[in-house]
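Working notes for the structure below.
The values are calculated or read from the model by the stated rules, or taken from the named source; none is laboratory data. All values reported here derive from a predicted model rather than from experimental measurement. Glycine gets a Cβ as well: all are built from the backbone with ideal geometry, and neighbour counts include every protein chain shown.
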Amino acid sequence: MWKTGISKVEPDHIVTKGYRQEDLVGNVPFASVFFLLIKGRLPDANEAKMMDALITASIDHGVTPPSTHASRIVASAGVPLPTAVAAGILAIGDVHGGAIEDGARLLQDVVKLMNQNNWTLVDTAQRLLRSLKEEGKRMPGFGHRIHQEDPRTKRLFDLADELNITGGHINLMNAIAAEFAKEKPLPINVDGAIAAVISDMEFDWQLGKAFFVLGRCAGLIAHVYEEMTTQKPMRHMCEAEVEYDGPWERDLSEHG
């Protein structure tokens, strides 16, 4: 028997996490229903506002990310909208969008140790960075190829403070940023901010990419629709000079 605790579907009757779905429709915002699906309860007012902010923070970042490239290139081939959007979602992985998951996992593990050992935030940040350096790894969620200070990070952290959500994970992230600033300032990017906030909201780190996918899907739909309705099929984009570095031209007759 296949069991699920998410929804029960019967003729003329749909129940999702204990609520009739028609009662949720028009009464509970989408972000709050997502919270319900994962947590099994509806969020309070502060959690609901934070959820909406987290999803909105990932909604789009222009045409340069790999997911947007993928969606628009595939859309240019004349495929249906869902296919092109799916292509963009498939481009989300450990490098593009993965820092949320990696950062949340690390933060959750280290904050647990911090609480168990009564370490200070500064001591914990220094221990973590020292350990990562010894392993030849980088701290996820820091640095950005465009922004010197990611505007989304400040907004999310300010909102977390306002809504009384800020806890050990956000505080540790800021302590790590302070350690970086002693040598060379390195901004907390939106992935790092989301990782810290969802950790303070007690979401499993394995849901990190889910928040990115949920937000970015809307942006990808907009890009695909724009590509389909304003551009010619098979248009030239993302052009770059290509230098061939394969073997020189060969004569097939010389092959034994």
Practice problem: Taking the options ASP109, ASP94, name whichever one is modelled with pLDDT of 95 or more and either more than 26 Å from ARG216 (Cβ to Cβ) or exposed (fewer than 13 other Cβ atoms within 10 Å of the Cβ) (or both). | Solution: ASP109
Quiz item: When the range 212-249 is examined, which residues are found to be free of Cβ contacts under 8 Å to residues at least 60 places away in the same chain and of a type in the set (S, T, N, Q)?
Solution: THR229, THR230
Self-check item: From the options ALA31, ALA53, residue that is outside the structural domain of GLU226 (by TED's automatic domain parsing) and within 29 Å of ASP150 (Cα to Cα)
Solution: ALA31
Practice problem: Looking at (1) part of a helix (DSSP H, G or I); (2) under 30 Å from ALA218 (Cβ atoms), find the lone condition where LEU128 falls short. | Solution: (2)
Self-check item: Of all residues in the range 24-46 being under 18 Å from the mean Cα position of the chain (by Cα) and touching a residue at least 60 places away in the same chain (Cβ under 8 Å), the one that is surrounded by the most Cβ atoms within 10 Å (Cβ to Cβ)
Solution: PHE34
Practice problem: Report, by residue number, each residue of the range 33-52 that is closer than 19 Å to ARG20 by Cβ, assigned to a helix (DSSP H, G or I) and among the basic types (Lys, Arg). | Solution: LYS39
Practice problem: For GLU202, indicate whether it is free of Cβ contacts under 8 Å to residues at least 24 places away in the same chain, assigned by TED's automatic domain parsing to the domain that holds LEU90 and under 24 Å from the mean Cα position of the chain (by Cα). | Solution: yes
Quiz item: For LEU186, all conditions in the list (1) over 18 Å from the mean Cα position of the chain (by Cα); (2) at pLDDT 90 or above; (3) within 30 Å of ALA175 (Cα to Cα) hold save one; what is the number of the exception?
Solution: (2)
Practice problem: Residues that are within 20 Å of PRO66 (Cβ to Cβ) and of a type in the set (Ser, Thr, Tyr): find the helices (runs of 4 or more DSSP H) completely inside the range 156-246 holding 3 or more of those. | Solution: none
Self-check item: Residues of the range 63-72 satisfying the condition of being among the aliphatic types (A, V, I, L, M) and either crowded, with 17+ Cβ neighbours inside 10 Å or more than 22 Å from the chain's Cα centre (by Cα) (or both)
Solution: ALA70
Quiz item: Restricting attention to the range 191-202, does a residue exist that is farther than 30 Å from GLU47 by Cβ and exposed (fewer than 12 other Cβ atoms within 10 Å of the Cβ)?
Solution: no
Quiz item: Taking into account only those residues within the range 14-27 that are of a type outside the set (S, T, N, Q) and in contact with a strand residue (DSSP E or B) (Cβ under 8 Å, 6 or more places away or on another chain), which is nearest to GLU162 (Cα to Cα)?
Solution: LEU24
Quiz item: Which condition breaks for LEU121 when tested against (1) at pLDDT 95 or above; (2) closer than 21 Å to LYS182 by Cβ; (3) out of contact with any helix residue (DSSP H, G or I) (no Cβ under 9 Å at 6 or more places or on another chain)?
Solution: (3)
